Amino acid sequence: MTKPTYYITTPIYYPSDKLHIGHAYCTTIADTLARFHRAKGEDVFFLTGSDEHGLKIQRKAQEKGITPIEYVDAIIANFKQLWNELNISNNDFIRTSEERHHKVVQDVLTKIFEQGDIYKKNYEGLYCVPCESYWLERQLVDGKCPDCGRPVEKMQEESYFFKLSKYQDWWLQFIEENPNFIQPASRRNEMINFVKQGLEDLCITRTTFDWGIPVPFDKKHVVYVWFDALLNYLTGIKYGTDDAMFNKFWPASLHLVGKEIVRFHTIIWPIMLKAMGVELPQKVYGHGWLVIDGDKMSKSKGNVIDPLALIDEFGADAIRYFLLREIVFGNDGNFSRDALITRINSDLANDLGNLLHRTVSMIEKYHGGVVTNAGVSEAVDEDLIALVNSTVANFEKDMDAMEINSAIKGVWALISRANKYIDETGPWILAKDEAKAARLQTVMYNLAETLRVVAILVAPFIPSTSPKIYTQLGLEVPAEFLLADAVFGKMEGTKVQKGDPLYPRIEIAEDGATIIGGKRYEAKVEVPAPAVEEPKVEMEPIKEEITIDAFEKIDLRVGTVKAAEKVKKSKKLLKLQVMIGEEERTIVSGIAQYYEPEALIGRNVIVIANLAPAKLFGIESFGMLLAASDGNGNLVLADAPGMASGSRVK
């Protein structure tokens with residue numbers, strides 16, 4: 001019987017510098033899903049890699065006086081070290097500089113060119129080098145790249161263009177017929193609004209640099225980085241060279257990407273595949289960002305965290321567990337060192353580690369280490385066994401739905417129940433009464449068996465921990481932890497082997513250093529960012545005081561901008577469609593001088609939700625947006641990234 005297949009990919013990361021904890025988060029999610037599907041007995045192919053071409057890499061290499069391939073080789077070595085230490089189980093690592101990928105890109109480019117979907121013209125546009133993206137003037141935010149906020153450069157060159165606009169109507173129909181293709185739903189709505197504003201044809205070649213794949217029909221051109229990069233998902237499963245492998249795994253089950261590159265993967269990539277005559281992937285999921293102590297990671301802010309240093313200090317499984325447990329998949333999540341230490345001590349050391357230690361210690365003390373089921377059960381045992389079975393069922397359901405956080409919570413509820421079961425049954429009391437010897441054996445068996453099932457369930461999250469649990473339970477470690485084995489009642493006659501604590505408690509010294517298993521890790525000294533002198537602005541006078549009762553009459557809510565357009569005959573006003581929970585409102589706002597309409601779509605804003613409606617230029621406006629203004633011509637909208645629409649602002 002042929003096993004079901006599951007093909008999952010991460011983005012291929014750009015080797016302009018070392019990877020940070022945000023990259024580790026994305027790849028840990030992908031690895032967890034890959035391990036889960038293997039545990040279901042599926043044939044899994046898991047691809048990650050590196051996106052190595054482009055002007056940015058060429059410039060960085062020139063600055064260092066080396067070739068681009070020498071520059072990226074050194075950084076790719078760091079990528080592979082991180083994935084190895086984080087226990088990432090990818091089947092392949094694709095590099096876009098490899099010959100196997102060059103052939104795929106050139107073959108696809110030739111095919112689409114010959115069918116008339118690629119044409120050449122001279123092009124002048126605004127280009128963001130870090131994002132490798134062209135932008136129209138109207139798409140910029142304060143004259144800068146809408147994705148990364150950095151300055152753009154004017155570029156003029158001869159380029160080849162892919163007829164993206166030709167497929168706009170097809171794309172909208174496809175998304176309507178396949179609403180689950182883009183997940184979560186908030187990302188899908190953003191993409192639909194983006195496409196409805198009109199797709200521009202895509203510039204896919206460059207002549208102003210040569211670090212890229214040569215265009216086969218015009219050698220002075222190299223392929224533009226996104227057209228090149230997206231095809232890695234086909235290269236990895238041998239498109240064009242091994243039909244059996246390609247047909248086995250394509251279409252991809254899941255492309256996992258960060259929300260900032262959802263547009264490329266859900267608009268450009270499907271249209272490329274449509275033009276090629278290749279079936280589309282089943283799903284693209286745009287996960288949220290990882291912020292540091294509430295602030296987005298940035299080198300200029302000095303808050304980029306090196307995951308290798310964290311792994312050295314806390315261990316890979318602890319880092320994996322924190323990222324998966326602390327962050328609701330799809331939302332932005334916060335990383336802080338204090339929260340990490342708290343989670344390790346409470347969940348891993350106290351709950352799971354303590355349960356294993358107590359169980360193995362008591363089996364050694366009372367039964368010479370041998371696990372035996374005497375079958376003397378009571379109601380409390382049936383409750384525990386029922387919870388084990390329901391946890392396994394719910395775990396599979398949650399993981400299939402990619403609700404990783406819920407799956408972990410379910411397993412830890414079982415661990416907590418098992419710890420409580422020890423207190424309820426009181427093995428130390430049973431051990432004092434020889435007449436209850438069989439009852440004691442049953443209790444210890446139930447604990448050991450619960451731990452065996454827990455080891456199977458946590459294997460996708462903390463893969464180095466499960467073998468340690470099995471070893472201490474006296475079980476042979478399997479090549480794969482399979483869900484089919486997560487059935488209560490399969491353990492008998494093993495001899496436990498007490499080992500080191502799974503997770504030693506982390507102590508914090510007075511000077512801030514961490515002490516783990518007797519080893520001291522010095523406190524990280526934060527280097528303050530250089531002071532930036534703020535421009536002096538005359539502050540507007542503060543209005544007269546109001547009472548708290550007056551303030552509480554104002555109802556502030558998070559709203560998500562779904563559509564935006566300029567108000568005709570007005571230079572200052574924009575007409576916005578804003579979702580506040582399930583309610584859609586029209587709000588007219590005087591921000592046209594500060595924001596282009598396209599830049600607002602998908603943004604979470606703060607709305608005065610109970611302001612009486614008013615007519616502006618004949619449009620009824622129901623609500624007002626909050627913004628900060630310095631009285632000197634500068635205005636910035638207040639926003640709430642990552643918060644659900646309708647949330648109350650307090």
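A short reminder: the numbers here are calculations on the coordinates, not readings from a lab. In this text, all values refer to a predicted model and were calculated from it rather than measured experimentally. For neighbour counting, all protein chains shown are included, and Cβ atoms are generated from backbone atoms with ideal geometry for every residue, glycine included.
Okay, here's what the table says:
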| item | result |
| --- | --- |
| Pairs of Lys in the range 126-252 closer than 22 Å at Cα, counting only those 8 or more apart or on different chains | 7 |
| Those lysines that a straight Cα-Cα span of less than 25 Å connects to Lys615, excepting residues fewer than 8 apart in one chain | Lys553, Lys562, Lys566, Lys568, Lys569, Lys571, Lys572, Lys575 |
| Inter-centroid distance (Cα atoms) of the range 225-265 relative to the range 439-513, Å | 37 Å |
| Helix runs (DSSP H) in the chain reaching 20 Å along axis by Cα, Kyte-Doolittle at least -0.5 | 21-39, 68-85, 379-400, 404-425, 437-458 |
| Cα centroid separation, the range 328-356 to the range 600-617 (Å) | 39 Å |
| Contour excess over end-to-end distance, with Cα ends at Asp142 and Arg505 and 0.36 nm allotted per residue | 125.8 nm |
| Cα-based shape type of the range 55-195, given that a ≥ b ≥ c are square roots of the gyration tensor eigenvalues and the cut on a/c is 1.5 | rounded |
| Gyration tensor verdict on the range 21-61 (Cα atoms; rounded if a/c is under 1.5, prolate if a/b is larger than b/c, oblate otherwise) | oblate |
| Dipole axis of the chain (+1 Lys, Arg; -1 Asp, Glu on Cβ), positive-most option in Gly315, Ile204, Gly559 | Ile204 |
| Footprinting exposure proxy for Trp171, Trp226 (fewest neighbouring C-beta atoms within 10 Å first) | Trp171, Trp226 |
| Lysines with Cα under 29 Å of Lys490, excluding same-chain neighbours fewer than 8 positions away | Lys3, Lys40, Lys365, Lys397, Lys409, Lys420, Lys432, Lys436, Lys468, Lys498 |
| Spatial separation of Cα centroids for the range 377-426 and the range 197-220, in angstrom | 54 Å |
| Positive-pole candidate from Tyr445, Leu256, Ser336, dipole of the chain, charges at beta carbon | Leu256 |
| 12 Å beta-carbon shell around Ala431, net charge (K/R +1, D/E -1) | +2 |
| Gained length - Gln156 relative to Met245, 0.36 nm times residue gap less alpha-carbon distance | 27.8 nm |
| Cα shape, the range 430-505, gyration tensor, a/c 1.5 rule | prolate |
| Contact order relative to length of the range 548-637, as percent, for alpha carbon pairs under 8 angstrom and 6 or more apart | 28 percent |
| DSSP-defined beta bridges in the chain - what % are antiparallel, rounded to 5 | 70 percent |
| Compactness index (Cα Rg / 2.2 N^0.38 Å), the chain | 1.10 |
| Residues of the range 251-266 with amide N under 16 Å of the 7 Å Cα→Cβ point at Lys111 | 251-252 |
